[in-house]
1. Can you give the three extents of the C-alpha atoms in region 1-79 along their principal axes, from longest to shortest, in whole Å?
2. Under the 0.36 nm per residue contour assumption, what length would be gained going from the current alpha-carbon distance of H5 and R152 to full extension?
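Rule-based calculations on the coordinates, nothing more; no lab input. Nothing here was measured: the structure is a model prediction, and the numbers come from that model.
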Amino acid sequence: MVTMHVLVAVASRHGSTREIADAVAETLRDAGHTTDVLDPEDVEELAHDAVVLGSSVYVGRWSAGARAFADRLAVLRDGRPVWLFSSGPVGRRPVPADDPEEVPSLVERLGARGHRTFAGRLDRGGLGLAERAVVSLVKAPQGDFRAWDDVRTWAEGIARDLHEDEIRSLRSGPLPRA
């Protein structure tokens, strides 16, 4: 079986979103793919068959590093499969409840196969003064609200899609690379 080389690029301010990216990469590896987990700023060249791009969300926005990397990917638009995920809402009823405002345009610009928002983790002890003020303003509860089964299930779906792409590429030739 041909394996896909997948970049899991993740912008994580306090580590919670990075842990989600690590779980996605582990699930993809378990399915037979090779993975690299990198900060978007650390990706110098894109020598991967597929990309999963994730970002922490603060005040309803993706991080600047993730948005800049998405801009780089949008310029390529070379048919490489792309998936997006966001992490940040916290609480039993997630705060904020809506997807980040830029996600629909990112999905369209990147031709992304999908986007998923995962609940995050909030530890007030690791926040700066401005972040604590925002958390207090929106009354976000402290705790770890990540649903690991949901993360793995989503990543398993990506792995299945990649295997289907492998089968198609064996029939018609390799996927385009940068």
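1. 43, 28, 19
2. 51.1 nm
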